[in-house]
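Written below as structure tokens is the structure these notes are about.
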Amino acid sequence: MPKKIRMPFKGSYKHSQEFGVRSLAYARFGLDGHDGDDFLMPLGTKILSPVNGIVHRVKDDPTGWGLYLRIWDRKQNLLVNLCHMSSINLHEGDVVKAGDEVARSGNTGNSSAPHLHIAFADTGGDGKRLNIDNGFKGWYSMYDKTRIQIYVGAPNPSAENSVPTVFEVPKVDGWMAMINQKLDLILEKLMT
Ligand SMILES: [Zn+2]
């Protein structure tokens with residue numbers, strides 16, 4: 001079963017570099033190629049959490065990922081890496097929901113233009129990455145359909161039981177969530 005994510009931004013941006021593209025630039029990081037997908041976007045674009053999870057890491061890596069964060073979805077054992085941000089207003093241990101704004105895009109680290117670099121990895125129950133010998137230190141593409149199913153705007157894609165939960169708690173925001181879920185189901189059918 002593919003793991004479920006939502007798109008990490010609203011709208012669409014140029015997919016400027018695909019996962020796995022081979023370049024000497026990545027050899028120095030011990031990689032077979034580009035360990036993520038890049039999207040060119042204006043500085044300060046809102047970056048949304050693709051999963052329900054906990055902030056696993058917030059760090060500055062000036063020669064590589066720049067200002068980056070990782071969010072761990074422990075329900076799906078899925079880790080996401082979001083890099084080259086201009087600002088991150090979260091701390092390690094913070095809990096986020098899919099669709100929450102988690103950062104603003106930027107041009108920090110090894111980056112020549114403002115863009116988002118995003119990749120996913122499977123983890124064990126302790127949050128540590130698995131398959132770290134896959135040539136990409138465990139990371140894989142959000143477009144790997146055997147592993148990832150992308151929802152356009154699901155508010156709660158990683159929670160399998162999210163719809164029943166909404167019915168049990170009929171608050172106003174719960175109804176909105178339910179309507180969004182239904183819209184997502186329609187969008188999903190249209191896309192497949
Ligand atoms: Zn990249």
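Each reported figure results from applying straightforward, stated rules to the coordinates on display, with no laboratory input. None of these values were measured; they are calculated from a predicted model. Don't worry about glycine lacking a Cβ; one is built from the backbone with ideal geometry, like all the others, and counts go over all protein chains shown.
Structure summary
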| read-out | value |
| --- | --- |
| Per-residue HN-Hα couplings for the stretch 30-42 [Karplus 6.51, -1.76, 1.60; θ = phi - 60°; Hz; x = Gly/Pro] | x, 10, 6, x, 5, 9, x, 10, 10, 10, 6, 7, x |
| Residues MET1 and ASP144, FRET efficiency given R0 of 22 Å [Cβ-Cβ distance, rounded to 0.05] | 0.95 |
| Unsatisfied cross-links (Cα-Cα over 23 Å) in the set LYS10/LYS137; LYS14/LYS137; LYS14/LYS145; LYS46/LYS97 | LYS10/LYS137; LYS14/LYS137 |
| Only Lys, Arg (+1) and Asp, Glu (-1) charged, at Cβ; the stretch 48-142 dipole about Cα centre in debye | 80 |
| Relative exposure of PHE9, PHE120, judged by other C-beta atoms within 10 Å (fewest first) | PHE9, PHE120 |
| Inter-probe distance in nm under a simple model that places probes 7 Å from Cα toward Cβ, at ILE132 and ASN89 | 3.4 |
| Low-density loop positions, GluC sites (Glu not before Pro), the stretch 1-110 - DSSP coil, at most 14 other Cβ in 10 Å | GLU18, GLU92 |
